[in-house]
Structures are given as C-alpha cells and as structure tokens.
Amino acid sequence: MGLSIIRRTVLLALLAGLTATSLQAADAQQPMAEPLIREAGDTELDSFLWTHRPIVVFADNPNDPRYRDQIAMMEAELDRLAERDTVVLVDTDPSANTAARQKLRPRGFMLVVMAKDGTIIVRKPSPQSVREITRSIDKMPLRKREVEERRSGG
C-alpha cells in the first residue's frame, strides 16, 4: 500500500513537470506582444507596410501639453486603435533624429496617421480624438474591405 502511494506521488510529480515544461515551451514559441504605444526609436516605418497603420506622435518634449493630451486620449481607447491594426510610435526627442523624424519632418507637436501602404492620411499640428483618427482610417478602401471580410467571416 505504501509503495502504491509513492508510485502515484512520483507519477503526479512527473505529470506536473511535463505540464509545466509544455506550458513553458508554448510560452516560448509565442512572441511577446509589443505594446500598442511605444517609442519610435530606430523603428523604420516601412517595417509596418501592409501589416499595421502607424500613428506617429511627435513633440519637442514629453511635457508638451498637446503630447500629453494626445497620449491620454489614445490610452483611454486602445481597443479602438488595436482593432484597426494600428501601432502608435512616439518621438519626443528632436535631437535623436529618428528615422520617423527624418521621413516625416515634424515641427513641434505633430500627429501623423498612415495607411497600411505607407501613405499619410492625416497630418495635424494639434491633438485629435480617437474618434477622429478612427474615422479617417475607416474611410480608407483597405479598411472598408477588412470590415467587410470580417462580417462575411472570411
């Protein structure tokens, strides 16, 4: 009887170890999800072609009230941005001269919304509500097609 309990304990320990190893392996295979709002850094805007709609928020300083307002509005409605395959890149250091800054050439605060094909669809010198941003995206032909495909289940 004592041997049977030991066998069960060993068997349970082995199963628990295998399950934990399987879960760790599954986690290792899934890449860590990037945050929706992230630093532009040395990110190339072309790396998002046909996969995401970059939204780039520029300011000369992270304490710029327009920048803070823009980020607060976006953080309040991340789900609406995520469902439209957006990625928000922020750049608040003009001296860094990032690839995004070189390509889009902002002056002070600027919001740029780009389509999946890399074209600029919105370029504004003031904060925009998520509603305004999503309306601009929703007018694009590719977005209309994406919505239709999701409705039809394809």
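Coordinate-derived values only; no laboratory data. Computed from a predicted model, the values in this text were never measured in an experiment. Cβ atoms come from the backbone with ideal geometry, glycine included; neighbour counts cover every protein chain shown.
Collect the residues in region 42-84 that are touching a residue at least 60 places away in the same chain (Cβ under 8 Å) and part of a loop (DSSP other than H, G, I, E, B), keeping them in residue-number order.
Leu49, Trp50, Thr51, His52
Would you check which residues across region 102-154 are at positive phi and free of Cβ contacts under 8 Å to residues at least 24 places away in the same chain and list them?
Of everything in region 102-154, those that are at positive phi and free of Cβ contacts under 8 Å to residues at least 24 places away in the same chain turn out to be Arg105, Gly153.
Being closer than 18 Å to Leu89 by Cα and in contact with a helix residue (DSSP H, G or I) (Cβ under 7 Å, 6 or more places away or on another chain) is the filter here; which residues of region 119-154 pass it?
Those that are closer than 18 Å to Leu89 by Cα and in contact with a helix residue (DSSP H, G or I) (Cβ under 7 Å, 6 or more places away or on another chain): Ile121, Val122, Ser126, Pro127, Ser129, Val130, Thr134, Ile137.
How many of the residues in region 43-74 are closer than 23 Å to Arg143 by Cα and of a type in the set (D, E, K, R)?
3
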